[in-house]
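Visitor: The following block contains the structure, expressed as structure tokens.
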Amino acid sequence: MGIILFVLLLLFFALGVPIAVSMGLASAVALWYDGGTPLIVLAQRSFTSLDSFPLMAIPFFVLAGTIMEFGGISRRLVAFANALTGHFSGGLAIVTVVTSMFFAAISGSSAATTAALGSILIPAMISRGYHRNFAGSVQSVSGELGVIIPPSIPLILYGVATETSIGDLFMAGLIPGLLIGLSLIATVFVIAKKRSYAKENKKSGAELWKAFKEAFFALLMPIIILGGIYGGVFTPTEAAGVAVAYSFLVGVFAYREIKLKHIYEILRLSSITTAIIMFILASAGLFGWILMREGIPQLVAQFFINISDNPIVFLLLINLFLLVVGMFMETNASIIILAPLLVPVAVQLGVDPVHFGIIMIVNLALGMCTPPLGINLFISAQIAKIRLEDITKGMIPFYIVLIAVLMLITFVPQITMAIPNWLSK
């Protein structure tokens, strides 16, 4: 049945069937062929895969991200980042990375970060003389920080799928996220210097203070969310509820940009995004249950161990494998399917599951800005009004830097585990 499952999945992928539908159909046909399992199990296992308290964080973080966009929070973050770093070479491109880091610490979504900020920053960069493919690629690659810097929806999914502490994963993602952000800033600065891109006028102390005051409530949001999680005040799931309440209060009362007429549209957009994610999770949960029943995880583990039981070789193979997977599969589905298969092997070879989770998320995040299915590329290319091939050319120097940082994160586990180990003492 396992062979039928994978053959059908690949066939549906080749036909262009959406991933969630592909997994659901492949699972249904495989169970029907097996004959010994009533098809009511399709509904039961799909529902069971969604019956998890930590998954409640997903719709809340999606809603918080949408509220931020309507409430003027993202625009104020851009203005503050511009006042802070805009006067460097390639100032607006650096602003894009810095603002994405701020936004990532609130939204938990790569696509939300790319769409919310790209609609503001990509046209601004183009109007200042930046090449379209550079403007689009900077926003695309910066958007991936949305799933690395906590809170992160994929980290929540990984924690649920592998029964790993989501709080530890959030703590572990902080330094790798900052490291990637700083490496992107350095890359942008070098390219901008070489191409003589325009600088923004340096802001005076009074202008910087004004931008800070206007963005104060927006800047306070990640401090409240992450501080509350790390301080043990609330769980990551509860933090998502806090994010919704805080962003709504700020948008309505502090910035006064959310009106009664906006409520319906905020809920509509959030519901659509949440429904898509949950549909994928339900199908992936059913698919994963069949894999477990057929003993596929054990076969995968044995395959990797037969190649080599050296952790270094294993991690190199896993990085290569996940980079390819990220190019062709949706991130959330990849985590739900692959994490339960790969984590037992990693643990058996002495790799901490929290460290492995960050390795996995960073790999799949890179897939979000890699053709042919990179969602960030499509969003940025559409905003920049360029072809996918053009924006991909602009991504090449960023790919090189990101892979170098990925290797550093992979083989220097202290980068990932420093904060969890420190707080556990």
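Visitor: With charges only on Cβ, +1 for K and R and -1 for D and E, what is the dipole size of the chain about its Cα centre, in debye, rounded to 20?
Guide: 1620
Visitor: Moving on to the next point. Leaving out ligands, DNA and RNA, and with a 1.4 Å probe, what % of the accessible surface on the range 113-269 is carbon or sulfur?
Guide: 64
Visitor: Determine, from the Cβ-Cβ distance of GLU163 and GLN414 and an R0 of 41 Å, the FRET efficiency 1/(1 + (r/R0)^6), rounded to the nearest 0.05.
Guide: 0.95
Visitor: Can you sort ILE263, ILE67 by solvent-accessible area, 1.4 Å probe, largest first?
Guide: Per-residue accessible area, sorted high to low, gives ILE263, ILE67.
Visitor: Just read off the accessible area of HIS131 with the full protein assembly in place, 1.4 Å probe, to the nearest 10 Å².
Guide: 100
Visitor: Right, next: Rounded if a/c is under 1.5, else prolate if a/b beats b/c, else oblate: with a ≥ b ≥ c from the C-alpha gyration tensor eigenvalues square-rooted, which is the range 292-353?
Guide: oblate
Visitor: Now for a separate question. Using +1 at the Cβ of each Lys and Arg and -1 at the Cβ of each Asp and Glu in the chain, identify which of GLY24, ILE375, LEU8 lies farthest towards the dipole's positive end.
Guide: Of the listed residues, the answer is ILE375.
Visitor: Could you tell me what percent of the accessible area of the range 294-425 is made up of carbon and sulfur, with a 1.4 Å probe and every protein chain present?
Guide: 71
Visitor: If you don't mind, another one. Just the number please: accessible area per residue for the chain, 1.4 Å probe, all protein chains included, in Å².
Guide: I get 42 Å² per residue for this part.
Visitor: Quick one: what are the phi-derived ³J(HN,Hα) couplings along the range 34-45, Karplus 6.51/-1.76/1.60 with θ = phi - 60°, whole Hz, x for glycine and proline?
Guide: Each residue's phi maps through the Karplus curve to give 4, x, x, 10, x, 5, 4, 4, 4, 5, 4, 6 Hz.
Visitor: Can you compute the modelled spin-label distance between ALA186 and LEU219, with each label point 7 Å from Cα toward Cβ, in nm?
Guide: About 2.5 nm, to one decimal.
Visitor: Would you mind counting up the charge near THR113? Only other residues with Cβ under 13 Å from its Cβ, with Lys and Arg at +1 and Asp and Glu at -1.
Guide: Taking every Cβ under 13 Å from that of THR113, the sum is -2.
Visitor: Could you compute the FRET efficiency for PHE13 and LYS194, with r as their C-beta to C-beta distance and R0 at 51 Å, rounded to 0.05?
Guide: Computed FRET efficiency for PHE13 and LYS194: 0.80.
Visitor: At ILE305 and ILE263, where each label point lies 7 Å from the Cα along Cα→Cβ, what is the point-to-point distance in nanometres?
Guide: Placing both labels 7 Å beyond Cα along the Cβ direction yields 5.7 nm.
Visitor: Oh, and also: Of the cross-linked pairs LYS213/LYS259; LYS199/LYS259; LYS202/LYS259; LYS202/LYS261; LYS199/LYS393, which ones have a Cα-Cα span greater than 32 Å in the structure shown?
Guide: Where the Cα-Cα span goes over 32 Å, the pairs concerned are LYS199/LYS259; LYS202/LYS259; LYS202/LYS261.
Visitor: For TRP209, TRP32, write out the residues from largest to smallest accessible area, computed with a 1.4 angstrom probe and no ligands counted.
Guide: Most to least solvent-accessible, the answer reads TRP32, TRP209.
Visitor: How large is the helix-only mean residue ellipticity at 222 nm for the chain, computed as the sum of -39500 (n - 2.57) over DSSP H runs with n ≥ 4, divided by its residue count, in deg cm²/dmol to the nearest 500?
Guide: After summing the helix terms and dividing by the residues of the chain, the value is -26500 deg cm²/dmol.
Visitor: Which sequence of LYS261, LYS203, LYS194, LYS210 reflects their accessible areas, 1.4 Å probe, from the largest down?
Guide: Largest accessible area first, the residues go LYS194, LYS261, LYS210, LYS203.
Visitor: Using 0.36 nm per residue, how much length does the chain from VAL29 to MET327 gain when fully extended, once their Cα-Cα distance is taken away?
Guide: Once the chain is fully extended between VAL29 and MET327, it gains 104.7 nm.
Visitor: Not counting ligands, DNA or RNA, and with a 1.4 Å probe, what is ARG293's accessible surface area in Å² rounded to the nearest 10?
Guide: Looks like 100 Å² after rounding.
Visitor: Hey, with R₀ at 25 Å, roughly what FRET efficiency would PHE212 and GLU389 work out to, going by the Cβ-Cβ distance, to 0.05?
Guide: E(calc), rounded to 0.05, equals 0.05.
Visitor: Explain nothing, just the number: relative contact order of the chain, from Cα pairs under 8 Å at least 6 residues apart, as a whole percent.
Guide: 26
Visitor: Then there is this: What's the carbon and sulfur percent of the range 40-85's accessible surface, probe 1.4 angstrom, rounded to a whole number?
Guide: It is 66 percent, rounded to a whole number.
The values are calculated or read from the model by the stated rules, or taken from the named source; none is laboratory data. This is a predicted model, so every value here is computed, not measured. A quick note on method: Cβ atoms are made from the backbone with ideal geometry, for glycine too, and the neighbour counts reach across all protein chains shown. For accessibility, only protein heavy atoms count, side chains too; no ligands or nucleic acids. Shrake-Rupley method; radii C 1.70, N 1.55, O 1.52, S 1.80 Å.
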